Amino acid sequence: MTSHYCPHTPQEIREMLDAIGVASIEELFAPIPAELRAKTFNLPAGMSEFETLARMQQLAADNCSQLSLFIGGGFYDHLIPAAVDHLAGRAEFYTAYTPYQPECSQGTLQALFEYQTAICRLTGLEVSNASLYDGATAVAEGALMALRATNRNRLLVDGCINPASRQVLKTYLSNLDVEIVELPPLDGLLNRPALAQELDDRVAALLVQYPNIFGCVEDFSPVAEQVHAAGGLLVTAVYPVALGMLKSPAEIGADIAVGDGQSLGNPLSFGGPSFGFIAAKKAYIRNMPGRIVGETVDKNGQRGFVLTLQAREQHIKRHKATSNICSNQSLCALRGLIFLSALGREGLTELAQLNYDKAQYAKASLAAIPGVTVLQSAPSFNEFTVSLPKSADQVVGALLAKGIVAGLPLGQYFEGSENLMVVTVTEKRSRKEIDLLVRELEVALCN
Amino acid sequence: MQLIFEQSVPGRKGVMLPASDVPRAAALPEGLRRAEPAALPELSELDLVRHFTNLSRRNFSVDTHFYPLGSCTMKYNAKVLENAANLFAPLHPLTALLPGGSDLCQGALGMLYDLAQMLADITGMDEVTAQPLAGAHGEMTGMLLIAAYHKAKGNQKKYVVVPDSSHGTNPASAAMVGYEIITIPTAPYGDMDMELFKQAMNSEVAAVMMTCPNTLGLFNPHIKEIADIAHSHDALMYYDGANLNAIMGKVRPGDVGFDVIHVNLHKTFGTPHGGGGPGSGPVGVKKALVPFLPMPCIVHDDDSGQLRVQTDSPQSIGRTANFFGNFGVMVKAYAYMIMLGREGLIQVSEQAVLNANYIKEKLKGYFELPYDQTCMHEAVFSASRQLEHGVHAIDIAKFLIDKGYHPPTVYFPLIVKEAIMIEPTETESKQTLDAFIEIMIEAAQLAESDPAAFAAMPVSMPVTRLDETKAAREQNVCCVG
Amino acid sequence: MSIYFTKEHEWAKVNGNLAQVGISEHAAHELGDVTFVELPAIGKQVKQGEVLAAIESVKAASDIYAPLSGKVVKVNSTLDATPEQVNESPEQAAWMLELELSDPAEVGSLMNKEQYDAYLKSL
């Protein structure tokens, strides 16, 4: 069978073989010794695109896509303007590659420059790269960047950072000579006494997150001063939609900000692809990982964009590179830019307000259920922690059967937290859905 | 073109959000709120659409131009793959970890499970994790697995051996995992120098990283011997799958002595490159490394016949990414694999190799071919003959842009001076290849007849050659305003 | 004061137990437009042949090795703002640092100007 993805006719193949001077395609594989050749290759036979799509539809039908989602934990169910799909779906964007040849890649390059600008304005910091893989790996890269910038080898990690990010950080650094000290959460917040005890002149950075895994938002400004006084850096992980309302990392005094961009125009898609972002004070630009787009001029003095500071990167510096990252998540970053541009200055503020209002409504409604208490140690944005009179796993399981994902049980992440769950409310959840969640939760607690 | 920020008009909006159906909540304390909204662009939906549409037109892409960028496998991206990925958009990844939640995502888990099995079959490995988010991420994951393997055995290992023709990501990935690098030069026959390799091997070598066929497009016939030598030092063999497109169905790396492999779904399995990503870099391993694979992973529960998610395993290296990997990319790769099937994938490799050799034969009279042998899926030339007239590889690249071709990779591999690395892929027709060959010959002729003509090129693009020195010195990486 | 060269294309201008260090015209030309020079901290001790500094151009990065053993006593911080001096005046204005030599006899292992020129021809 000849596939239409391999267009040569038998006649053309003949002509090409003649031009090469071999009798068969098989002869071209002659450099591979016979004893190395594959003995088995068991894939099933191929099929048409129509049958392929039908098969994929069948697989998709084996998932339940109609759930009412009150779960976040790093990935959020947000609205996506139609323009995002259509524009990022332009083949000139998605079938191009890394813009190595700037003259014929100005589309991607300018878009990434605009993306970097959007991330800088969101975080208040001066420089951004052109994206990383995801939020969790961005935390690890932010930590590595701080280690390079300070030439120290100790990291303090707030135990309230998303557990997945902390696990990725540990895995990334597992073979390096770096000491990671986790500060156990104190009432859902950064453990400030533990910080005071552990902070010394070997600490490269303190890593924090806001809102944190419990949904709490605390003011890290004094912490930034404390860390700086010890000669370390403050690395903050942030949820970009929350930055429509919350103090920016720069306002807090952070040196490096990282996060996951899924909430900016990327579908949940079972966890990926999204993109990671990283922004920093300009002094640290040479320690940045990954691609960076810079502005310049052409021979006629006209503005244009190029990949810059490439001497930091693996294709030039090899084992001395700031990171091994090559492919990043450009197209997802482009979606993020289109999303932020569609919403604009007021739109992002409005979106954040919607999330905040709905979550506060849900928080108050859930707190009114007898036996349910809400973690009150700090204000929250669109996620908050509730304590249930019984196992959160049990309750979540019961509500799942009714098509509601009530929240993220914390028992798997924190000892003694079996009755805690984090509830997330985005702008997509209607008051009706929230009321239904409350009613069903009441029912589940009675049973 | 103006930046989108320069088109901003205060008060304008590109999208309307739904009205709130809940009461306005009491504001957060001022100490937590930002002073000013972020200065994001403000423009109408139409102006937004025009801006990005016009930007897209300033790109060369596979759908608009032949794109023979060596080492990147810029094959055609079948449109049906995009349709397939959209089917899974509303699924939240954490659903699978909730009590009873895996029942609600059997389709997604089934796809992940099957994809891993198919990749294991193609590569000759025992198990595959699809968590790594790109090729380099796969390399790092592989190196972490190797480190965990040695640690568990009590081995004291310090070095990773790479040939000097390797991708820069190989030494960079090994260094991120704390290894020191030993680089082996390439011999005149185009493969890693065997004698120097043997001398370099010692009991402290953790792994040998090979790209096979290598970045010169050549298959190393001594690969089994290299693996045997490595294994005799209890060093593991790592296969950089960047060039897997050359050998599907012909060689399975797992059969010839490799222990760990990453594959690039965005290269070999037809998923689009997205202007630099997202990719996906699944990692396959032999049995001895299975206990160390990252979590979470998908397991088959024999009692229920269902798939579920395992989040913990005592010897696992932990987690290398947030969730299951770049799932949407995997959906596309999976659809590609089932669509092409066994025969289709074999044909992919055969015609990728046919096309590369065809270009090699047709151009070797015009461009220096430093390693004149049957190549696999890509052919590496040098512009050294043109350089005698003062014309560099980069000049030829700019000439090609004016002629409507995305240039091949230039200046890589580093071991070839003025390298021009052409990877046509299997999806291009003979007519496209012939037209490209003609243009390349024209470039070679122009280099002799009028070398000065190259300096101004390209002339047909929105910008002429850009001042990269200025960019690197000034570091203007965002628009201040 | 005499100038000496290494095979890695550093130069050292030796004056008693002090030596100014930079890279040769040949090296500057090979690197292309220099965009950044990473200078060591004052007080850093190095042995001959160890990495002393680093230099970047648009498409290349390379280490600068200590031509002689000693302690860094001075660095040319004007290179931070104007790395282009390395291209414009590699063997004069763009000196990178000054070493206080711990073993001036090591000079014997370096090439003089004539020997270095011959070495370049042999490349």
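Starting from 0.36 nm per residue, how many nanometres of slack lie between residue B:54 and residue B:83 once their C-alpha separation is accounted for?
Between residue B:54 and residue B:83, full extension yields an extra 8.0 nm.
Nearest 10 degrees, 0 to 90: what angle lies between the long axis of helix A:49-61 and the longest principal axis of chain A (Cα atoms)?
20 degrees
Residue A:63's amide H: which non-local residues (gap 5+, or another chain) put their own amide H closer than 5 Å, with H modeled 1.01 Å from N in plane and none for Pro or chain starts?
Amide H neighbours of residue A:63: B:107.
Using a Förster radius of 56 Å, what is the FRET efficiency between residue A:65 and residue C:7 based on their Cβ-Cβ separation? Nearest 0.05, please.
0.30
With a 4.7 Å Cβ cut-off, tell me which Cys residues in chain A come up empty for a partner.
A:6, A:64, A:104, A:160, A:216, A:326, A:332, A:446
Projected area of chain B, taken from the Cα convex hull and averaged over every viewing direction, in nm²?
Seen from a random direction, the Cα hull of chain B projects 28.6 nm² on average.
Show me, for segment B:127-133, the HN-Hα J-couplings you get by feeding each phi into the Karplus relation (A = 6.51, B = -1.76, C = 1.60, θ = phi - 60°), rounded to Hz, glycine and proline as x.
Karplus values, whole Hz, x for Gly and Pro: 9, 10, 10, 9, 5, x, 8.
Please give the calculated 222 nm ellipticity per residue for chain B, where each DSSP H segment of at least 4 residues contributes -39500 (n - 2.57) and the sum is spread over every residue; nearest 500 deg cm²/dmol?
-10500 deg cm²/dmol
So how compact is segment A:261-334: Cα radius of gyration and Dmax in angstrom?
14.9, 47
What base-10 log of the normalised intensity I(q)/I(0) is obtained for segment A:82-339 from the Debye formula, alpha carbons as equal point scatterers, at q = 0.10, 0.13, 0.15, 0.16 Å⁻¹?
At q = 0.10, 0.13, 0.15, 0.16 Å⁻¹ the computed log10 ratios are -0.47, -0.79, -1.04, -1.17.
If I take all pairs of Cα atoms in chain A, what percentage of them are more than 29 Å from each other?
Cα-Cα pairs in chain A separated by more than 29 Å: 55 percent.
Quick one: plug the Kirkwood hydrodynamic radius of segment A:10-61 (C-alpha pairs) into Stokes-Einstein at 4 °C, 1.567 mPa s, and report D in µm²/s.
The estimated diffusion coefficient comes to 88 µm²/s.
In nm, to one decimal, how far is the residue A:286 label point from the residue B:224 one, both placed 7 Å along Cα→Cβ?
Distance between label points: 5.0 nm.
For every other residue with a beta carbon closer than 10 angstrom to the beta carbon of residue B:25, add +1 if it is Lys or Arg and -1 if Asp or Glu, then tell me the sum.
+2
Does segment B:348-468 classify as rounded, prolate or oblate by the C-alpha gyration tensor (a ≥ b ≥ c root eigenvalues; a/c under 1.5 gives rounded; else a/b over b/c gives prolate, otherwise oblate)?
Cα axes put segment B:348-468 in the prolate bin.
Let's test the formula: R0 of 30 Å, r as the Cβ-Cβ distance of residue B:372 and residue B:431. What FRET efficiency results, to the nearest 0.05?
The formula returns an efficiency of 0.70 here.
Using a 4.7 Å cut-off between beta carbons, which cysteines in chain B end up with no partner cysteine at all?
For chain B, the answer is B:72, B:105, B:212, B:297, B:375, B:479, because their Cβ atoms have no other cysteine Cβ under 4.7 Å.
Relative to the first principal axis of the alpha-carbon coordinates of chain A, what is the inclination of helix A:330-367, with its axis defined by its Cα atoms, in degrees from 0 to 90 and to the nearest 10?
With both axes taken from Cα atoms, the answer is about 20 degrees.
Counting only other chains, and only Cβ atoms inside 10 Å, what mean value do you get across the residues of B:359-371?
Taking the mean over all residues of the peptide, I get 1.
May I ask for the angle, rounded to the nearest 10°, between helix A:163-173 and the longest principal axis of chain A, with both axes built from Cα atoms and the value confined to 0 to 90°?
Around 50 degrees separate the two axes.
With a point put 7 Å past each Cα toward its Cβ, work out how far residue A:176 is from residue A:23 in nm, to one decimal.
Between residue A:176 and residue A:23, the label points sit 5.7 nm apart.
Gaussian network model of chain A, Cα springs within a sub-10 Å range: biggest mean-square fluctuation belongs to which of A:29, A:339, A:70?
Among A:29, A:339, A:70, the largest mean-square fluctuation in the Gaussian network model of chain A belongs to A:29.
All other residues with a Cβ under 14 Å from the Cβ of residue A:411 taken together, and with Lys, Arg as +1 and Asp, Glu as -1, what is their net charge?
Every neighbour counted, the sum reads -3.
Just to be sure I follow: if Rg is taken over the C-alpha atoms of the protein assembly as shown and Rh is the Kirkwood radius over the same atoms, what is Rg/Rh?
Looking at the protein assembly as shown, the ratio lands at 0.96.
Can you tally the net charge around residue A:151? Count Lys and Arg as +1, Asp and Glu as -1, for every other residue whose Cβ sits under 14 Å from the Cβ of residue A:151.
+3
Compute the label zone of residue A:346 within segment B:27-50: residues whose backbone N is under 13 Å from the point 7 Å along Cα-to-Cβ.
Residues B:42-44 fall inside that zone.
Would you pull out the residues with amide H under 5 Å of residue A:72's amide H, same chain only if 5 or more places away, H placed 1.01 Å from N?
A:408, A:424
Which whole-Hz ³J(HN,Hα) couplings does segment A:292-297 yield from phi under the Karplus relation 6.51 cos²θ - 1.76 cosθ + 1.60, θ = phi - 60°, glycine and proline marked x?
Each residue's phi maps through the Karplus curve to give 9, 9, x, 8, 7, 10 Hz.
For chain A, what does the relative contact order come out to in percent, with C-alpha contacts under 8 Å and a separation of six or more?
In percent, rounded to a whole number, it is 20.
Which shape class, rounded, prolate or oblate, goes with segment B:134-197 when its Cα gyration tensor gives a ≥ b ≥ c as root eigenvalues, a/c under 1.5 marks rounded, and past that a/b bigger than b/c marks prolate?
oblate
Quick check for me: using +1 on Lys/Arg Cβ and -1 on Asp/Glu Cβ, what's the dipole size of segment A:82-339 about its Cα centre, in debye to the nearest 20?
It comes to approximately 720 debye.
Residues with amide H under 5 Å of residue C:52's amide H, sequence separation 5 or more or different chain, H placed in the peptide plane at 1.01 Å from N; which?
The list, which skips near neighbours in sequence, is C:64, C:65, C:66.
Where nothing but the Cβ of Lys and Arg (+1) and of Asp and Glu (-1) is charged, how large is the charge dipole of the protein assembly as shown around its Cα centre, in debye to the nearest 20?
Using only the charged Cβ atoms, the result is roughly 1400 debye.
If R₀ is 60 angstrom, what is the calculated FRET efficiency for the pair residue A:14 and residue A:377, using the beta carbon separation as r and rounding to 0.05?
With R0 = 60 Å, the Cβ-Cβ based efficiency is 0.20.
Is segment B:1-123 best put as rounded, prolate or oblate by its Cα gyration tensor, with a ≥ b ≥ c the root eigenvalues, rounded for a/c under 1.5, and otherwise prolate when a/b is larger than b/c, oblate when not?
oblate
What does the charge dipole of segment A:10-61 about its Cα centre add up to, to the nearest 20 debye, if the Cβ of each Lys and Arg holds +1 and the Cβ of each Asp and Glu holds -1?
300 debye
In a solvent-free Debye calculation with one equal scatterer on each Cα, what is log10 I(q)/I(0) for segment C:2-122 at q = 0.11 Å⁻¹, listed in the order of the q values?
Log-scaled intensity ratios, in q order: -0.31.
Every read-out reported here was derived from the displayed coordinates using simple, explicitly stated rules and does not represent laboratory data. Computed from a predicted structure; not experimentally measured. With ideal geometry, Cβ positions are generated from the backbone for all residues, glycine too; neighbour counts draw on all protein chains shown.
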